[in-house]
Amino acid sequence: MPFANGRAPCRTLSTRLRSAVSAACLAIVGLAATTLLAAGPARAEFPEKPVTLVVWSGAGGALDTYGRKLAELLEKDAGWTVKVDNRPGGSGAVGMSQIATQPADGYNILVLTGTLTFGIAQGLIPFKVEDLRLLRAMQSEPSSLAVLADSPFKSVDDFVTYMKDHPNELRVGGHSSGGFHQYMLYQLMKQGGFESGWVPHDASGKVTLALLGKHIDAAMMTPSTGLSQVKSGEIRLLGVSTAERTPFLPDAPTFAEQGYDLTGAIWRGIAVKAGTPDDVVASIQKAIDKVTASDDWKSFQVEQFQDSPDWAEEAFTKQVHKDLDEQTEFLKATGFVK
């Protein structure tokens, strides 16, 4: 029936308005749902399951000690669940292979040392630096020439003089073949004018055992390799490869102060497989920040005689490429590689 004023009653207009609003709301909801489906499910914060630290050396050495402390503090400070998987052998190649066979998702983190570049330069590690994302270098430590306390050698000169008079007679060993410590021995050989063989061990802890058992006569090793024996005086450090005496070892002379230009340090750190997503890497870095800020970590570093370079990904990667270039040049110049 037509109305006198030509307009529909108010309730009819309200009904139409509600219908329009409802249609608009349904359209917005549909658009939001379409957007969410296109974006895919939101990624949960890493990690959602246990993380494995793949330590590329055997149990009991300095790298293993670092890896296990890191695992402990990642659980305590970051709330992760972590297990440690020792994969010694091949100058680090076995540990690298383990990482290479796993997905690039951050759930397998390689615990490695500066011998990485020596191994790659010599072809002992059949991978490239680019196969990894180098996330953080957390420790650095010098090499040292170590003997037992009852050794007749009291100084680097004593050792060098004997080696010159008795070429290759002493059994000298250390961690890895063609790695950092053998490189330091080689430098000492050139400066001291003597010859020496090398007895390699696949874990730094085995170097200490070999020295204590008198299976080798001297070792080139990080001081923390035989930490308790160094502290007790059972092992004597004839020379340390720092420019000046370290506050951790105030009684241990440097090579430099004894007339040998021998300085250098080896880093320890973590890496993941290349291709690991940026958001996962960011979560790992955040967790490492919590570890390095903790009093437990700081105390551990002092107890283990460790410096803390704390290089994040960019600085770490730059340093490793620099090391690789220098060591490749050295190995070619000295005939270690062609």
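The values are calculated or read from the model by the stated rules, or taken from the named source; none is laboratory data. All of these numbers come straight from a predicted model, not from anything done at the bench. No Cβ is skipped: glycine too gets one built from the backbone with ideal geometry, and neighbour counts run over all protein chains shown. For accessibility, only protein heavy atoms count, side chains too; no ligands or nucleic acids. Shrake-Rupley method; radii C 1.70, N 1.55, O 1.52, S 1.80 Å.
A compact table of results
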| item | result |
| --- | --- |
| Taking only Cα atoms of the chain, radius of gyration then Dmax in Å | 29.5, 128 |
| Centroid-to-centroid separation of the range 38-99 and the range 116-152 [C-alpha atoms, Å] | 18 |
| Intensity falloff of the range 48-164 expressed as log10 I(q)/I(0), Debye formula with alpha-carbon point scatterers, at q = 0.19 Å⁻¹ | -1.02 |
| Helix 10-39 vs. the chain, principal-axis angle (Cα, 0 to 90°, nearest 10) | 20 |
| C-alpha center-to-center spacing [the range 274-321, the range 194-267] in angstrom | 25 |
| Average accessible surface area per residue within the range 208-338, 1.4 Å rolling probe, Å² | 48 |
| Sum of side-chain charges, residue 210 neighbourhood, beta-carbon under 15 Å (Lys, Arg +1; Asp, Glu -1) | 0 |
| Calculated [θ] (222 nm, deg cm²/dmol) that DSSP helices of n ≥ 4 give over the chain, each run adding -39,500 (n - 2.57) | -14000 deg cm²/dmol |
| FRET efficiency, 1/(1 + (r/R0)^6) with R0 45 Å, evaluated for residue 157 and residue 101 via beta carbons | 0.40 |
| Alpha-carbon Rg with Dmax, taken over the range 181-220, Å | 10.9, 29 |
| Extended-chain gain in nm, criterion 0.36 nm per residue less alpha-carbon gap, residue 337 and residue 292 | 12.4 nm |
| Percentage, to the nearest whole number, of Cα pairs in the range 178-312 over 25 Å apart | 39 |
| Portion, in percent, of the accessible area of the chain that falls on carbon or sulfur, probe 1.4 Å | 55 |
| Rounded tilt (10° steps) of 180-192 against the dominant C-alpha axis of the chain | 30 |
| Cα→Cβ-extended label distance, 7 Å offset, between residue 243 and residue 279, nm | 4.4 |
| Candidate lysines for bridging to residue 164, where Cα separation is under 17 Å - those fewer than 8 sequence places away on the same chain excluded | 154, 190 |
| Area of residue 283 that stays accessible when all protein chains are in place (1.4 Å probe, Å², to 10) | 30 |
| GNM flexibility winner over the chain from 114, 79, 205 (Cα, springs under 10 Å) | 79 |
| Top of 256, 104, 293 by mean-square fluctuation, Gaussian network on the chain, Cα under 10 Å | 293 |
| Inter-probe distance in nm under a simple model that places probes 7 Å from Cα toward Cβ, at residue 81 and residue 149 | 4.6 |
| Too-long pairs where the Cα-Cα distance tops 22 Å, listed order kept, from 206/332; 206/322; 49/286; 49/69 | 206/332; 206/322 |
| Relative contact order %, the range 180-338, counting alpha carbon pairs below 8 Å whose residues are six or more apart | 14 |
| Gain upon complete extension [residue 251, residue 318; 0.36 nm per residue less C-alpha separation] | 20.7 nm |
| Relative contact order (%) - criterion: Cα under 8 Å, at least six apart; region: the range 34-161 | 23 |
| Assigned charges on the beta-carbon of Lys, Arg, Asp, Glu; the chain dipole about Cα centre (debye) | 1880 |
| Residue 75 accessible area, assembled protein chains, probe 1.4 Å, Å² | 80 |
| Length-normalised contact order of the chain in % [C-alpha pairs under 8 Å, at least 6 apart] | 24 |
